[in-house]
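Nothing in this text is a laboratory measurement; each read-out follows from the coordinates by a stated rule. Every value quoted in this text rests on a predicted model; they were computed, and no experiment measured them.
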Amino acid sequence: MPIDTRELMSAIAIVADDQNVRVTVKQSGKGAAICCACSFAGGMLLGPVGLAVGGAAGGIAAYKLTSGSFRPLGEIILNDLTDAQREQLVQHVTKAVQDVHPTDLAMLLPLIMSNVPVQQAVLNTVMSFVTNELRMQIVD
């Protein structure tokens, strides 16, 4: 039985969710810019005290503006990837576990779900794929 892409995507999403991996698309930079600008403005107006006040106000503003933009990696894998990206991810994951010789779905899915070193190899591969191919940032 060949590997079913949908089932493999589900297994990868479960592993990513178990590790609580979250990603963002350029929102961390936006939040940092807001916080920096507010801190700079506060420092210019009130001096050293303004740096603290501006930093705190900027942090709150950045939180409000970027709230909800950090999403679980499992959700992105299941819902946001195109068919070409899914196939590419499947190729990356099967290559990462090729030493185990996953010849069919019946063997690969239980292996991913029960073997911690294989889970780590799959998770590292997925995180590399998301960072390099999808240009998203991983949030720890």
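Couple of notes before you dig in:
- Taken one residue at a time, the phi angles of segment 57-64 give Karplus couplings (6.51, -1.76, 1.60, θ = phi - 60°) of 5, x, x, 5, 5, 5, 4, 5 Hz. Gly and Pro are set to x.
- Under-5 Å amide H pairs with Arg71, H placed in peptide plane, nonlocal only: Val23
- Derived scalar couplings ³J(HN,Hα) [segment 117-132; Karplus, 6.51 cos²θ - 1.76 cosθ + 1.60; whole Hz; x for Gly, Pro]: x, 5, 4, 5, 5, 5, 5, 4, 5, 5, 5, 5, 4, 5, 6, 7
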